[in-house]
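Quick notes on the structure that follows.
The values are calculated or read from the model by the stated rules, or taken from the named source; none is laboratory data. Computed from a predicted model, the values in this text were never measured in an experiment. A quick note on method: Cβ atoms are made from the backbone with ideal geometry, for glycine too, and the neighbour counts reach across all protein chains shown. Accessible surface areas use protein heavy atoms only, side chains included; no ligands, DNA or RNA. Shrake-Rupley method; radii C 1.70, N 1.55, O 1.52, S 1.80 Å.
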Amino acid sequence: MDTSYLYIVAMLLLVLYAIFIFNGFVALRMRSEASWSDIDVQLKRRHNLIPRLVEAVKTYAAYERAIMEAVVEARTKGIEAHGVSEQSRAEKHLTHELRQLLAVVENYPDIKADGTFMKLQHELVAIEDAIQNARRYYNAVVRDYNTKIDSFPEMLIARPFRFVRRTYFELENLQEAMVPKVEW
């Protein structure tokens, strides 16, 4: 058999393998962008719920103004945040402020008995669950993408085509990862 023919076949197989690796990177990048979009949608739902939640609490706890202002300010920072790292920091702060607000609710039995507040609180819990699920999926896709970037022979394709590692959307500790809980 002619060696030039073997050389051409080997080069063709190598090019096809490189295309396969490249397309794998593109697919993972697209999945990470789509999964980040899912997180963004859930965060927007949460941001949209907060004014109604604050208004429901304000009716009963007017003198707890500082806590409600802190929640609104944290919400604004969350809305204005860009990028995974900045969004992650802003959402950690917002989660902390929401916990403070829900802790205040414990001092007001009338709020806990209010049907509107109960509905909003259940909505918040559902949104927090959706955010956690979207975050876990996003982080799993990012883990796969980053692993592929650092693996051989994929790194031989990743570096020249400038596929760069992505940032995880993380919470710093398990306390923050838990859904805000209000005991009735």
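How tilted is helix 84-105 with respect to the longest principal axis of the chain? Cα atoms for both, answer in degrees (0 to 90, nearest 10).
20
Ignoring ligands, DNA and RNA, what accessible area per residue does region 106-172 give at 1.4 Å, in Å²?
Result: 58 Å² of accessible area for each residue.
I want the local charge near Lys58. Using Cβ-Cβ distances under 11 Å, sum +1 for each Lys or Arg and -1 for each Asp or Glu among the other residues.
Neighbourhood net charge equals -1.
Under a point-charge model restricted to the Cβ atoms of Lys and Arg (+1) and Asp and Glu (-1), what is the dipole moment magnitude of the chain relative to its Cα centre, in debye to the nearest 20? Don't jump to the answer; show the numbers that get you there.
Working: 24 positive and 25 negative charges, 74 e Å.
My answer is approximately 360 debye.
Where does region 34-105 land on Rg/Rh, using Cα atoms and the Kirkwood Rh?
1.01
Just to confirm the filter: which chymotrypsin sites (Phe, Trp or Tyr not before Pro) across region 23-91 are DSSP coil and have at most 10 other Cβ within 10 angstrom of their Cβ?
Loop-located and lightly packed - Tyr63.
Report the accessible area of Leu28, computed with a 1.4 Å probe over the heavy atoms of all protein chains in place, in Å² rounded to the nearest 10.
Per-residue accessible area (Leu28): approximately 20 Å².
Contact order normalised by length for the chain, with contacts defined as Cα pairs under 8 Å and 6 or more residues apart; what percent is it?
It rounds to 31 percent for the chain.
Can you tell which of Val104, Ser85, Met30 lies farthest toward the positive end of the dipole of the chain, using +1 and -1 charges on the Cβ of basic and acidic side chains (Lys, Arg; Asp, Glu)?
Ranked along the dipole, the leading option is Met30.
Using only the heavy atoms of the protein chains and a 1.4 Å probe, how would Ser37, Ser151, Ser88 rank by accessible area, largest first?
Most to least solvent-accessible, the answer reads Ser37, Ser151, Ser88.
Using Cα atoms only, what is the angle between the long axis of helix 115-150 and the major principal axis of the chain, expressed in degrees (0 to 90) to the nearest 10?
Taking Cα atoms only, the helix is inclined about 20 degrees.
Could you give the length gained by full extension between Ala34 and Leu13, i.e. 0.36 nm per residue of separation minus their alpha carbon distance, to one decimal place?
Numbers: separation 21, 0.36 × 21 = 7.56 nm, distance 3.13 nm.
Result: 4.4 nm gained on full extension.
Quote the accessible area belonging to Met30 in square angstrom, nearest 10, computed with a 1.4 Å probe and with ligands, DNA and RNA left uncounted.
So the heavy atoms of Met30 present about 90 Å² to solvent.
Among [x] -0.33, -0.49, -0.58, -0.93; [y] -0.39, -0.53, -0.59, -0.87; [z] -0.27, -0.41, -0.49, -0.86, find the value of log10 I(q)/I(0) by the Debye sum over Cα atoms at q = 0.08, 0.10, 0.11, 0.15 Å⁻¹ that was calculated from the structure presented, and write down its label.
Step by step, log10 I(q)/I(0) by the Debye sum over Cα atoms at q = 0.08, 0.10, 0.11, 0.15 Å⁻¹ for this structure corresponds to label [y].
Using a probe radius of 1.4 Å on heavy atoms only, what accessible surface per residue do you get for region 1-44? Whole Å² is fine.
Accessible surface, normalised per residue, equals 70 Å².
What is the angle, in °, between the Cα long axis of helix 3-60 and the longest principal axis of the Cα atoms in the chain? Nearest 10 is fine, range 0 to 90.
Roughly 0 degrees between the two axes.
Write out the GluC sites (Glu not before Pro) in region 81-159 meeting two conditions: DSSP loop, and at most 15 other Cβ atoms within 10 Å of their Cβ.
Within region 81-159, the qualifying GluC sites (Glu not before Pro) (loop, at most 15 other Cβ atoms within 10 Å) are Glu106.
Taking the Cβ of Asp150 as the centre, find all other residues whose Cβ is under 14 Å away and add up their charges (Lys, Arg: +1; Asp, Glu: -1).
Local net charge: +3.
Roughly speaking, to the nearest percent, how much of region 1-99's 1.4 Å accessible area is carbon and sulfur?
Within region 1-99, the accessible surface is 63 percent carbon and sulfur.
Accessible area of His82, 1.4 Å probe, to the nearest 10 Å²?
Here the residue's solvent-accessible area equals roughly 140 Å².
Along the Cα-to-C-beta direction of Thr59, a point sits 7 Å from the Cα; which residues of region 101-131 have their amide N less than 13 Å from that point?
110-121
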